[in-house]
Amino acid sequence: MTNLVPPPATSGKSLLERVEDALLPLINLVFLLLMFFIVAGQLANEPLPDLPGAAANGQEQTPDADLKVTEGGRWLVGSTTVDEQNLLSSLPEPGAGHPLRVAAAESVTMAALERLFRTLERGGYNDILLLTESGS
């Protein structure tokens with residue numbers, strides 16, 4: 001009986017040797033890519049440029065927020081200080097087409113923000129946007 005499929009031409013190499021020969025170009029490629037990114041990372045020594053919308057020359061912009069939390073932990077709606085009882089009545093209705101925007105001072109603790117967010121959640125505000133400012 002005659003074999004219909006001829007045996008593979010292995011040129012006398014074992015399966016392990018053929019796998020090693022196939023992996024060598026891949027190993028070389030990975031090494032070259034690694035070297036490229038090491039060199040490219042060393043070339044960029046400058047900081048990233050400022051974003052187009054960033055405030056220039058140290059001018060600070062007041063955030064466009066529905067609610068502001070000051071450094072002392074006071075809550076401001078517009079320029080009026082509100083307490084926990086009057087907070088929900090001073091804010092726009094929940095789900096009015098955009099999330100409630102909250103701006104907090106840098107020194108406000110997470111515990112104070114959590115208390116505020118729990119109050120807002122009880123009032124029906126499920127979509128809240130916390131405005132942040134990048135440090136320089």
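The values are calculated or read from the model by the stated rules, or taken from the named source; none is laboratory data. This structure is a prediction, so every number in the text was calculated from the model and none was measured. Cβ sites come from the backbone with ideal geometry, for glycine too, and all protein chains shown count toward neighbours.
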Next item on the list: Only residues that are charged (D, E, K, R), loosely packed, with under 10 Cβ neighbours inside 10 Å and farther than 20 Å from E71 by Cα: list them for the range 87-122, please.
Entry: R122
Item checked: Top-ranked residue of the range 105-121 - restricted to ones that are among the small types (G, A, S) and in contact with a strand residue (DSSP E or B) (Cβ under 8 Å, 6 or more places away or on another chain), ranked as nearest to P94 (Cα to Cα) -> A112
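Would you mention how many residues in the range 7-21 are loosely packed, with under 10 Cβ neighbours inside 10 Å and modelled with pLDDT of 75 or more? Lay out the reasoning, then the answer.
If we filter the range 7-21 for residues that are loosely packed, with under 10 Cβ neighbours inside 10 Å, which is where we start, we get 7-9, 11-12, 14-16.
Those left that are additionally modelled with pLDDT of 75 or more: 12, 14-16.
So the count comes out to 4.
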Checklist line | Cβ-Cβ under 6 Å pairs, at least 6 apart or on other chains, the range 85-108 side in the same structural domain as R122 (by TED's automatic domain parsing), far side in a loop (DSSP other than H, G, I, E, B) and polar (S, T, N, Q) | finding: A105/T70
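Residues checked against (1) modelled with pLDDT under 65; (2) of a type in the set (D, E); (3) closer than 30 Å to L130 by Cα:
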| residue | (1), (2), (3) |
| --- | --- |
| M1 | yes, no, no |
| V5 | no, no, no |
| L23 | no, no, no |
| L29 | no, no, no |
| F37 | no, no, no |
| A44 | yes, no, no |
| A55 | yes, no, yes |
| Q61 | yes, no, yes |
| K68 | no, no, yes |
Notebook entry, point to check: Out of (1) touching a Lys or Arg at 6+ places or on another chain (Cβ under 9 Å); (2) of a type outside the set (S, T, Y); (3) surrounded by 12 or more Cβ atoms within 10 Å (Cβ to Cβ); (4) within 15 Å of T119 (Cα to Cα), what's the single condition that is false for E84?
Noted result: (3)
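Within the range 102-128, track down each residue that is among the charged types (D, E, K, R) and assigned to a helix (DSSP H, G or I).
Just the residues of the range 102-128 that are among the charged types (D, E, K, R), to begin with: 106, 114-115, 118, 121-122, 127.
Result: E114, R115, R118, E121, R122.
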